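For reference, the structure discussed in these notes is given below.
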Amino acid sequence: MVAVAIVRVRDLFAAAMLFAIYSLLSAALFTVLDAGDVALTEAAVGAGISTILVLAVLALARRFEHPTGGHNLLALAVVFITGAVLIYATLDLPEYGLPDNPAQVHVGPHYIEHSYSDMGVPNMVAAVLASYRSIDTMGEAFVIFTAGLAVFALLSVRPRRREAGIVPRRPPRDSEDSDQGDKADE
Amino acid sequence: MSDNGILRVVARFLIPLIMLFGLYIQFHGEYSPGGGFQAGVVFAAGWILFALIYGLEDALKVIPQRAMYVLAAAGVLLYAAVGLLGVAMGGRYLDFYPLLDSPHAAQQLGIITVEFGVGVTVATVVMLIFTMFARRKSEWKAILEEGDEET
């Protein structure tokens, strides 16, 4: 329901807030599923940081979305077919929580039985992330670092006025004029 | 926003708690949910709250931008260095067992160090991205004023 509201709403500020609510609800869902680490991440990253970053971007962009004319029926059809196929595929999944599911018989039991005797670390998630799957986690850290580098590369250059003489106007708060040269930075 | 008394008082009360909680989930990560990623984000959130209330310039006095570049790189390098240290002491890459004699202590040392590296990188990268976006607006304003003078 929140997701539908996000798609419907034209006010980007409200959409950002709805995204935060959506993340918080997901975090609550993860807590119900006993996934404390994931819930903590979702609450901190989804509801906190990404909302703040979106708001920081909104300070630069305009507050209201451009009205798009009409509906794209082809896109709607593609979305519906993909969704239907995915729902059909879930029928093949084994029932949630059965003891002989692949998630329960693959490497899971090995971690559950050995992680404490191997590491002496009570939080199994930390043991798996930082020790058994250490190289993966290092890759993630490098991904974060690369994201920082990318933003730095894009935004460290001071904005210039366009060659063609179009002044990069700061878009007015919530009026609808100024169509040219509003968002492109360079 | 900085002249709002309620915000200032509440933020002054909350920011230390947020940062303390960030450090808690950093270093208590092996016992309770948490770890480097979450801790870095929470810690950065405390700093961003400070920047929102007291202004970006004051916040950059606390942690200058240059320090962010250095720390962001230092975090991942710390991670990689721990891996190489394992190789140098006779194990495989990112193998923590050779670090200390007791296997449990070695693993815990490795995990804590590695998570600390992740936390430092995540916190500083988030701060850096926020700084970049927040600064963009003032740069843009300066350009606009320049343009107004010229025309």
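At a glance:
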read-out	value
Kirkwood Rh in Å, taken over the stretch B:5-150 so that all alpha-carbon pairs contribute	17.2 Å
Theoretical gain in end-to-end length, A:GLU140 to A:ASN101 [0.36 nm per residue, Cα-Cα removed]	11.3 nm
Per-peptide average of other Cβ atoms within 10 Å, ordering B:27-38, A:14-25 highest first	B:27-38, A:14-25
Dimensionless Rg over Rh [the protein assembly as shown; C-alpha; Kirkwood]	1.03
Cut-off 12 Å between beta-carbons: net charge of the residues surrounding B:GLN38, Lys and Arg +1, Asp and Glu -1	-3
Relative contact order for chain B, counting Cα pairs under 8 Å that sit 6 or more residues apart, in percent	26 percent
Prolate/oblate/rounded label for the stretch A:1-66 (Cα gyration tensor, a/c 1.5)	oblate
Debye-sum result for the stretch A:99-159 in log10 I(q)/I(0), which assumes one identical scatterer on each alpha carbon, at q = 0.18, 0.26, 0.27 Å⁻¹	-0.73, -1.02, -1.04
Using a Förster distance of 35 Å, the FRET efficiency for A:LEU93-A:SER117 (Cβ separation, nearest 0.05)	0.60
Phi-based couplings in Hz for the stretch A:20-27 (Karplus 6.51, -1.76, 1.60; Gly and Pro marked x)	4, 4, 4, 5, 5, 5, 4, 4
Proxy reagent accessibility, fewest Cβ within 10 Å first, across A:THR51, A:THR146, A:THR137	A:THR146, A:THR51, A:THR137
Calculated FRET value between B:GLU139 and B:VAL10, using beta carbons and R₀ = 22 Å, to 0.05	0.15
From phi via Karplus (6.51, -1.76, 1.60), per-residue ³J(HN,Hα) for the stretch A:33-45 in Hz, x at Gly/Pro	7, 6, 9, x, 5, 5, 4, 4, 5, 4, 5, 6, 7
Relative packing of peptides A:76-83, B:81-88, B:14-21 - highest average C-beta neighbours within 10 Å first	B:81-88, B:14-21, A:76-83
Estimated vicinal HN-Hα couplings, Hz - the stretch B:59-70 in sequence order (Karplus 6.51, -1.76, 1.60; Gly, Pro = x)	5, 6, 6, 5, 10, x, 5, 4, 4, 5, 4, 5
Distance between the stretch B:82-135 and the stretch A:5-33 - C-alpha centres, whole angstrom	33 Å
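All of the numbers you see were taken from the coordinates with simple rules; none came from a lab. What you see is a predicted model, and the numbers here were worked out from it, not measured in a lab. Every residue, glycine as well, gets a Cβ built from its backbone with ideal geometry; the counts of neighbours run over all protein chains shown.
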